[in-house]
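Undergrad: I'd like to ask you about the structure that follows.
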Amino acid sequence: MTATTSRVNPNVSAATARAAAKAANENQPVTFGKALNTALADGLVADDSVVIFGEDVGTLGGVFRITDGLTARFGAQRCFDTPLAESGIVGMAVGMAINGMRPVIEMQFDAFAYPAFEQVASHVAKMRNRTQGKLSLPLVIRIPYAGGVGGVEHHCDSSEGYYAHTPGLKVFTPSCVEDAYLMLREAIDSDDPVVFFEPKKLYWSKEQVDLEQLARDYEAKKSAPTEGRARIARAGSDATLITYGPSVSTALEAAKMAAEEGINLEVVDVRSIVPFDDETVCASVRKTGRAIVVAEAQGFASVASEIVARVQERCFHSLAAPVLRVTGFDIPYPAPTLEKYHLPSAERILDAVDQLQWEA
């Protein structure tokens, strides 16, 4: 290479280079965890009243690193650690929300939240009703939940039923990267308390999503609302799989396998457990005439049970077979080596599909 030659192409401007770099970044897959982290950061930027706290969410960035970098970026007044006292965390959030702040708290693991349930059931869920609407509680309780990560008991519970059964709470659980961002932004902006269940096995899942564009659309109110809105994750015509959170990917896997056998399954992602979208769910069931509800939580007195009841009541004359369930078993969460037998699988779903009275 001579002294007069250059490694820089003079025909490539700085603006072109920046555009190319931006395009390269946009083409990078985004993890579910990154979408949540971005939603939290954007929520902090959008509203000075938003604060984030919980066990190890500050310097460490949380056990699953969902709050990674937020303390460094926004300071310890906006994102900070607390003692290991879940009831105290929720109680402090109640007081802050009453006084005009928007706390977003993390319960670290699903079953770790049980000591705080009295605060949730007695105060978080009842404050608006108790004060005849004079006080609202705009707070978010983030709960990493469910199995599929080889965890032990107290680390893999599907506890959504307790909260869904408690009037006064909204209960969300996203299953894809785009919803992880949008639903958490909506939860932060809600004037009522939201219990936000994050399927921990999805934290490392990746999808092609432009988070910057997603954020712009949300800020401009161009995004379709997710609260109280189910989504059709896969269109089909023969039967409907109704599911949410960590079980959506399993249902999609089952639908793919069923297609190889000539059965076209529709997959409905509930995503907003409370409020529940009867319209979308029932429209799908009326179209297909058959339905199976899939969830990791145990089946007895569960969210899955409620969905079955709602579908049976509203779609009875459209059903060609009883609505079935594929759920976790009615046992405490098993040891890591046994969880694969406990959790719904594509094979268990297909066994249920075979029971939908096709001969009729």
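The values are calculated or read from the model by the stated rules, or taken from the named source; none is laboratory data. Only a predicted model underlies this, so the values are computations on that prediction, with no experimental measurement involved. Here Cβ is always computed from backbone atoms with ideal geometry, including for glycine, and neighbour counts include all displayed protein chains. Only protein heavy atoms, including side chains, enter the accessible area calculation; ligands, DNA and RNA are left aside. Shrake-Rupley method; radii C 1.70, N 1.55, O 1.52, S 1.80 Å.
Undergrad: Can you work out the accessible area per residue across the chain, with the rest of the protein chains kept in place, probe 1.4 Å, in square angstrom? The partial results should precede the final answer.
TA: Numbers: 16350 Å² over 360 residues.
Solvent-accessible surface per residue comes out at 45 Å².
Undergrad: What are the ³J(HN,Hα) values, in whole Hz, obtained from phi via the Karplus relation 6.51 cos²θ - 1.76 cosθ + 1.60 with θ = phi - 60°, for each residue of region 235-243 in sequence order, with x given for Gly and Pro?
TA: My calculation for region 235-243 gives 7, x, 9, 9, 7, 10, 9, 9, 7 Hz in order.
Undergrad: When the label point is put 7 Å from the Cα of Val45 along its Cα-to-beta-carbon vector, which residues of region 60-95 have a backbone N closer than 16 Å?
TA: 68-75
Undergrad: Another one. Extending each Cα 7 Å along its Cβ direction at Gln213 and Ala301, get the distance between those two points in nm, one decimal.
TA: Each label point is offset 7 Å from its Cα along the Cβ direction, giving 4.8 nm.
Undergrad: Spelling out what I want: for every residue of region 336-345, take phi, set θ = phi - 60°, compute 6.51 cos²θ - 1.76 cosθ + 1.60 (Karplus), and round to whole Hz; glycine and proline get x.
TA: x, 6, 10, 5, 5, 7, 7, 6, x, 10
Undergrad: Once you charge only the Cβ atoms, +1 for Lys and Arg and -1 for Asp and Glu, what is the size of the charge dipole of the chain about its Cα centre, to the nearest 20 debye? Walk me through the numbers on the way to the answer.
TA: Values: 34 positive and 46 negative charges, 179 e Å.
Using Cβ point charges on Lys, Arg, Asp and Glu, the chain gives about 860 debye.
Undergrad: Follow-up question, since we're still on this one. Kindly work out what percent of the DSSP beta bridges joining two residues of region 231-355 are antiparallel, to the nearest 5. Please list the in-between numbers first.
TA: Working: 3 of 16 bridges.
Counting DSSP beta bridges with both partners in region 231-355, the antiparallel share is about 20 percent.
Undergrad: Can you put Glu359, Glu296, Glu212, Glu261 in order of accessible area, largest first, using a 1.4 Å probe?
TA: Correct descending sequence by accessible area is Glu359, Glu261, Glu212, Glu296.
Undergrad: Here is a follow-up. Could you compute the longest span of the chain free of chymotrypsin sites (Phe, Trp or Tyr not before Pro) located in DSSP loops and having at most 15 other Cβ atoms within 10 Å, not counting the site residues?
TA: For chymotrypsin sites (Phe, Trp or Tyr not before Pro) (loop position, at most 15 other Cβ atoms within 10 Å), the longest site-free span of the chain is 1-203.
Undergrad: Right, something else. Could you pull out every one of the lysines with an alpha carbon less than 25 Å from that of Lys170, ignoring same-chain neighbours closer than 8 positions?
TA: Cα-Cα hits under 25 Å: Lys34, Lys126, Lys134, Lys200, Lys201, Lys221, Lys222.
Undergrad: Run the accessible area of the chain with a 1.4 Å probe and give the carbon-and-sulfur part as a rounded percent.
TA: Taking all protein chains in place, the chain shows 54 percent carbon and sulfur surface.
Undergrad: I would also like to ask the following. Taking +1 at the Cβ of each Lys and Arg and -1 at the Cβ of each Asp and Glu, which of Val326, Val270, Met257 sits farthest along the dipole of region 231-355 towards its positive end, judged by Cα position relative to the Cα centre?
TA: Result: Val270.
Undergrad: Right, next: Assign one of three labels to region 231-355, namely rounded, prolate or oblate, based on the Cα gyration tensor with a ≥ b ≥ c the square roots of its eigenvalues; rounded applies when a/c is under 1.5, prolate when it is not and a/b is larger than b/c, and oblate otherwise. Don't jump to the answer; show the numbers that get you there.
TA: Details: a/c = 1.72, a/b = 1.27, b/c = 1.36.
Judged from the Cα gyration tensor, region 231-355 comes out oblate (a/c at least 1.5, b/c at or above a/b).
Undergrad: Here's a follow-up. Between Glu347 and Glu118, what length in nm is gained on full extension when 0.36 nm per residue of separation is reduced by their alpha carbon distance? Intermediate results must be reported in sequence, preceding the final value.
TA: Details: separation 229, 0.36 × 229 = 82.44 nm, distance 3.85 nm.
Once the chain is fully extended between Glu347 and Glu118, it gains 78.6 nm.
Undergrad: Computed from the coordinates I sent, mean projected area of the Cα convex hull in nm² equals one of (i) 24.6; (ii) 23.7; (iii) 18.7. Tell me the label.
TA: Identified label for the calculated read-out: (ii).
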